[in-house]
Amino acid sequence: ITALVLAAVITERRRVEDTVEYIADTLQESLLPSHLPEIPGLEAAAEFRPAGEPHVVGGDFYDLFQGDDGSWAVVVGDVCGKGASAAAITGLARYTVRAASMGESRPSRVLEVLNDALLRQRSPHEFCTVAFARLEPNGAQSVRATVSSGGHPLPLVLRAEGRVEAVGSHGTLLGVVAEPKLSDSTV
């Protein structure tokens with residue numbers, strides 16, 4: 001009888017673990033683009049490998065989408081924490097950036113809108129870092145990028161001759177102060 005009870009407990013535990021893994025993986029996938037769009041004159045690729053325990057929803061996110069004016073927006077961010085609360089803030093951040101970028105052309109202004117949305121959540125533990133770039137392709141030969149960073153590591157540009165350079169300046173972490181220090185840099 002003990003062996004049967006133990007087998008039933010182990011089977012139920014495994015079923016619950018499988019369900020939790022499925023929910024976490026599905027939630028994480030929903031917070032990222034399902035595919036990257038084709039951009040004339042540019043190559044875009046992403047490999048997402050979250051750090052930490054497998055099957056735990058994290059706060060890392062990225063997105064690539066076209067704006068109403070024909071430009072392209074690229075965002076990479078990291079929300080503080082893991083789990084359901086981090087997933088909620090990740091969703092808020094990703095979709096706030098998408099919405100704000102439709103009415104704002106300056107990346108720093110998009111990040112200000114995100115900062116305001118985070119502050120309205122009124123939780124001291126809900127903050128994030130974000131790098132946002134607006135890309136304007138200029139034919140097949142060049143792209144103009146305007147970048148702003150809200151506390152996130154700066155984007156890097158790989159030049160044709162192989163030189164790599166950081167773009168922009170570090171801004172303030174988002175969701176912490178009402179008037180973050182943010183700036184735009186163009187390359």
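The values are calculated or read from the model by the stated rules, or taken from the named source; none is laboratory data. Source: prediction; values computed, not measured. Glycine gets a Cβ as well: all are built from the backbone with ideal geometry, and neighbour counts include every protein chain shown. These accessible areas exclude ligands, DNA and RNA; they are computed on the full protein's heavy atoms, side chains included. Shrake-Rupley method; radii C 1.70, N 1.55, O 1.52, S 1.80 Å.
Listing for the model above:
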read-out	value
Close pairs from the range 158-187: first within 14 Å of Phe132 (Cα to Cα), partner aromatic (Phe, Trp, Tyr) and open to solvent by less than 80 Å² (accessible area, probe 1.4 Å), Cβ under 9 Å, at least 6 apart	Leu173/Phe127; Leu174/Phe127
Hits in the range 62-95 (condition: assigned to a helix (DSSP H, G or I) and buried (at least 19 other Cβ atoms within 10 Å of the Cβ))	Ala86, Ala87, Ile89, Thr90, Leu92, Ala93, Arg94
Residue that is most open to solvent (accessible area, probe 1.4 Å) [pool: residues in the range 107-137 that are part of a strand (DSSP E or B) and of a type in the set (A, V, I, L, M, F, W, C)]	Leu135
Meets criteria (modelled with pLDDT of 90 or more and either assigned to a helix (DSSP H, G or I) or farther than 21 Å from Gly150 by Cα (or both)) for Leu36	no
Residue among Ala46, Ala3 that is modelled with pLDDT of 75 or more, closer than 30 Å to Ser71 by Cα, among the small types (Gly, Ala, Ser) and open to solvent by less than 100 Å² (accessible area, probe 1.4 Å)	Ala46
Among the residues listed as Val76, Val56, Val130, Val110, the single one being modelled with pLDDT of 90 or more, more than 29 Å from Ala160 (Cα to Cα) and not hydroxyl-bearing (Ser, Thr, Tyr)	Val110
